[in-house]
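Accompanying notes for the structure given below.
The values are calculated or read from the model by the stated rules, or taken from the named source; none is laboratory data. Note that the structure is a prediction, hence the values are computed from the model and not measured. Virtual Cβ from ideal backbone geometry, glycine too; neighbours counted across all protein chains shown. Just so you know, the surface numbers come from the protein's heavy atoms only, side chains and all, with ligands and any DNA or RNA stripped out. Shrake-Rupley method; radii C 1.70, N 1.55, O 1.52, S 1.80 Å.
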Amino acid sequence: MVDPFFGNFDLASLSIWLFWAFFALLIYYLQTENMREGYPLEDDDGKPAANQGPFPVPEPKTFKLAHGRGEVTVPDHQPEKREVALKRTNGANGFPFEPTGDPLVDGVGPASWAPRRDVPELDGHGHPKIVPMAGADSFLVAAGTDPRGLPVVAGDKAIVGTVTDMWIDEPEQLVRYLEFELQGEFGSGKRLVPIQLARIHRDRVAIKTLYGKHFNKVPKTKSGNQVTLLEEDKICGYYSGGVLYADQSRQDPQLG
């Protein structure tokens, strides 16, 4: 009787080694695909970092965007063309930077934003996801306090305006922003505030991250019925930055 060609070969060992080889290649593939944005790494001065990690930056790949929005090629190896209003506090890397102007307007620190595309986010049908509730007849306030018509109260107790509408994410059926009209010494025109940073009470809407003097510079939307990805980032960054930058006392050491 003739033994088969694999009679003295350990098939179980081959199987496990093939599995480990496949797993290693999978990790390599996933990690390099994850490096299509944000790489190559830079140091605090914007120069290529000395330690780029064990994995190479992948070759550029072109993706076709949905709903006729063109194409995007990543990585593009182009540094972000934006002057950041910050200065070093120490010559060594890793130390904090200090703002050189108005950090809320300049978008630095906790007020920072990413240069996202200046187009609205779309749903699966190619329509803007976030729209004013006034233009969505199928939505209504089913529970809780309807904030429309309530005064907007800043962190310093100043009444800066009145809520005029809610902006909803239609596919998710969530309120994303409150729209309010500025009035008096605090400016004019309409602004948006993320619903997560507004507290709706029975008789008012409180926005504690900013003081009255800051509301006139809240980033505006180009359109009255849609908000772009870039505008969303700037708006959210402005309000979030107020947690630290609205008052000097918020930046000073706190005793617990």
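Between 143, 154, 92, find the one with the highest GNM mean-square fluctuation for the chain; connect C-alpha pairs within less than 10 Å.
Fluctuation is largest for 143.
Could you go through region 212-221 in sequence order and give the Karplus-derived ³J(HN,Hα) for each residue, using 6.51 cos²θ - 1.76 cosθ + 1.60 with θ = phi - 60°, rounded to whole Hz, and x for Gly and Pro?
Using θ = phi - 60°, the values come out as x, 5, 8, 6, 5, 9, 4, x, 9, 9 Hz.
Can you tell me the orientation of helix 11-33 relative to the chain, as the angle in degrees between its alpha-carbon axis and the longest Cα principal axis, to the nearest 10?
Helix 11-33 sits at roughly 30 degrees to that axis.
Based on Cβ point charges of +1 for Lys and Arg and -1 for Asp and Glu, what charge dipole magnitude is obtained for region 116-248 about its Cα centre, in debye rounded to the nearest 20? Mind showing how you got there, number by number?
Details: 17 positive and 18 negative charges, 93 e Å.
Using Cβ point charges on Lys, Arg, Asp and Glu, region 116-248 gives about 440 debye.
Mind listing the phi-derived Karplus ³J(HN,Hα) values for region 98-112, rounded to whole Hz, using 6.51, -1.76 and 1.60 with θ = phi - 60°, and x for any glycine or proline?
10, x, 9, x, 7, x, 5, 6, 6, x, 10, x, x, 8, 5
For region 111-157, evaluate the Debye formula with one uniform point scatterer on each Cα (no solvent term) and list log10 I(q)/I(0) at q = 0.17, 0.18, 0.24 Å⁻¹, rounded to two decimals.
Log-scaled intensity ratios, in q order: -0.89, -0.93, -0.98.
Give, to the nearest whole percent, the P(r) tail of region 15-153 beyond 23 angstrom, counting all Cα pairs. If you can, show how the numbers build up before the last one.
On the way: 6185 of 9591 pairs.
Value for region 15-153: 64 percent of Cα pairs lie more than 23 Å apart.
Tilt of helix 229-245 relative to the longest C-alpha principal axis of the chain, in degrees (0 to 90, nearest 10)?
The helix 229-245 is inclined about 70 degrees to the chain.
Taking amide hydrogens as modeled 1.01 Å from N in the peptide plane, which residues meet the under 5 Å criterion relative to residue 247, leaving out close sequence neighbours?
none
Arranged from highest to lowest average of other beta-carbon atoms within 10 Å per residue, in what order do the peptides 24-31, 160-167 appear? All intermediate terms of the calculation are to be shown ahead of the outcome.
Numbers: 24-31: 11.0, 160-167: 21.2.
Top to bottom by mean Cβ count within 10 Å: 160-167, 24-31.
With all pairs of different alpha carbon atoms counted, what Kirkwood hydrodynamic radius in Å does the chain show? Provide the component values of the computation, followed by the final result.
Values: mean 1/r = 0.0444 Å⁻¹.
Taking every pair of different Cα atoms in the chain, averaging 1/r and inverting gives 22.5 Å.
Once fully extended, how much extra length lies between residue 16 and residue 31, figured as 0.36 nm per residue of separation less the alpha-carbon to alpha-carbon distance?
Gain on stretching residue 16 to residue 31: 3.1 nm.
Please give the per residue accessible area of the chain, computed with a probe of 1.4 Å over protein heavy atoms only, in Å². If you can, show how the numbers build up before the last one.
Details: 16560 Å² over 256 residues.
Accessible surface, normalised per residue, equals 65 Å².
Just list whichever of 129/234; 81/129; 190/222 have alpha carbons separated by over 22 Å in the model shown. Each step should come with its number before you reach the end.
Details: 129/234 18 Å; 81/129 29 Å; 190/222 11 Å.
From 129/234; 81/129; 190/222, over 22 Å: 81/129.
In whole Hz, what ³J(HN,Hα) sequence does region 57-67 give by Karplus (6.51, -1.76, 1.60; θ = phi - 60°), x for Gly and Pro?
5, x, 5, x, 10, 9, 10, 8, 7, 6, 6
Counting pairs of alpha carbon atoms under 8 Å apart in space and at least six apart in sequence, what relative contact order in percent does the chain give? Each step should come with its number before you reach the end.
Working: 387 pairs, mean separation 39.0, N = 256.
With pairs under 8 Å counted, the relative contact order is 15 percent.
Between residue 140 and residue 252, what is the spin-label point distance in nm, taking each point 7 Å from the Cα along the Cα→C-beta axis?
Between residue 140 and residue 252, the simple spin-label model gives 5.1 nm.
As a test, work out the antiparallel percent of DSSP beta bridges whose residues both lie in the chain, rounded to the nearest 5. Mind dumping the intermediate values first?
Working: 31 of 34 bridges.
Beta bridges within the chain, antiparallel portion: roughly 90 percent.
Can you tell me what the convex hull of the Cα atoms of region 116-248 projects to on average, as an area in nm²?
Across all orientations, region 116-248 yields a mean hull projection of 8.2 nm².
For a quick check, take a GNM of the chain with Cα springs below 10 Å and name the residue from 64, 190, 208 with the largest mean-square fluctuation.
64
Ignoring ligands, DNA and RNA, what percent of the accessible area of region 116-248 is carbon or sulfur (1.4 Å)?
Values: 3240 of 6720 Å².
Summing carbon and sulfur atoms, their accessible area is 48 percent of the total for region 116-248.
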